[in-house]
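Okay, structure first, notes after.
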Amino acid sequence: MKLAEVAELFVMIKRAYPNFDGSSENARFWHQYLTDTPFELAKANLDRHIETERFPPTIADLRRP
């Protein structure tokens, strides 16, 4: 996944969870752990997470197969 794609996910997370730290520093940190995760998988996991969870996702939540 590219850093720009992580930023796109962050926009979605921030809209769903207003208290989420959507800073560029945090996006760069997450990017380290999401580089080998396909964007489509992470987005599908995020969509599912938003529908079912009250709290923001973690990196591990987006990496799940």
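The values are calculated or read from the model by the stated rules, or taken from the named source; none is laboratory data. It should be emphasised that the depicted structure is a prediction, and the values quoted were computed from it without experimental measurement. Quick reminder, even Gly has a Cβ in these numbers, built from the backbone with ideal geometry, and neighbours come from all protein chains shown. The accessibility values were calculated without ligands, DNA or RNA, using every heavy atom of the protein model including side chains. Shrake-Rupley method; radii C 1.70, N 1.55, O 1.52, S 1.80 Å.
Helix-derived [θ] at 222 nm for the chain: sum -39500 (n - 2.57) over DSSP H runs of at least 4, divide by residue count, nearest 500? Intermediate values should be presented prior to the final figure.
Working: 4 runs with 44 residues, N = 65.
After summing the helix terms and dividing by residue count, I get -20500 deg cm²/dmol.
With a cut-off of 8 Å between alpha carbons and a minimum separation of six or more residues, what is the relative contact order of the chain in percent?
On the way: 57 pairs, mean separation 24.2, N = 65.
Relative contact order here is 37 percent.
Taking a 1.4 Å probe, which of Asp47, Asp21 shows the most accessible area, and what order do the others take after it? Before the final figure, lay out each step's value.
Working: Asp47 55, Asp21 85 Å².
Descending order: Asp21, Asp47.
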Handout entry: Charge sum, other residues only, whose C-beta stays under 15 Å from Arg63's C-beta, Lys/Arg counted +1 and Asp/Glu -1
Key = -2
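How much length is gained on full extension from Phe39 to Asp61, taking 0.36 nm per residue of separation minus their Cα-Cα distance?
Details: separation 22, 0.36 × 22 = 7.92 nm, distance 1.31 nm.
Result for the pair: 6.6 nm of gain on full extension.
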Practice task
Select from the chain the helices, each a whole stretch of DSSP H, whose alpha-carbon atoms run 18 Å or more along the helix axis and whose Kyte-Doolittle mean is at least 1.0; answer none if there are none.
Solution key: 3-16
Problem - Virtual paramagnetic centre 7 Å along Cα→Cβ of Asn19, amide N under 14 Å, in the stretch 45-65 - result: 54-57
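Name the GluC sites (Glu not before Pro) in the chain that are in a loop by DSSP and that have at most 12 other C-beta atoms within 10 Å, would you? All intermediate terms of the calculation are to be shown ahead of the outcome.
Working: sites: Glu5, Glu8, Glu25, Glu40, Glu51, Glu53; in loops: Glu53.
Those that pass, being in a loop and sparsely packed, are Glu53.
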Practice task
Using DSSP to define loop residues, name the trypsin sites (Lys or Arg not before Pro) in the chain whose beta-carbon has at most 13 other beta-carbon atoms within 10 Å.
Solution key: Lys2, Arg54
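When Lys and Arg each count +1 and Asp and Glu each count -1, what net charge do the other residues less than 15 Å away from Phe20, Cβ to Cβ, add up to?
On the way: positive: Lys14, Arg15, Arg54; negative: Glu8, Asp21, Glu25, Glu53, Asp61.
Within the 15 Å Cβ shell, the charges total -2.
Rounded if a/c is under 1.5, else prolate if a/b is larger than b/c, else oblate: which is the chain, with a ≥ b ≥ c the root eigenvalues of its Cα gyration tensor? Mind dumping the intermediate values first?
Numbers: a/c = 1.77, a/b = 1.12, b/c = 1.58.
The shape class here is oblate.
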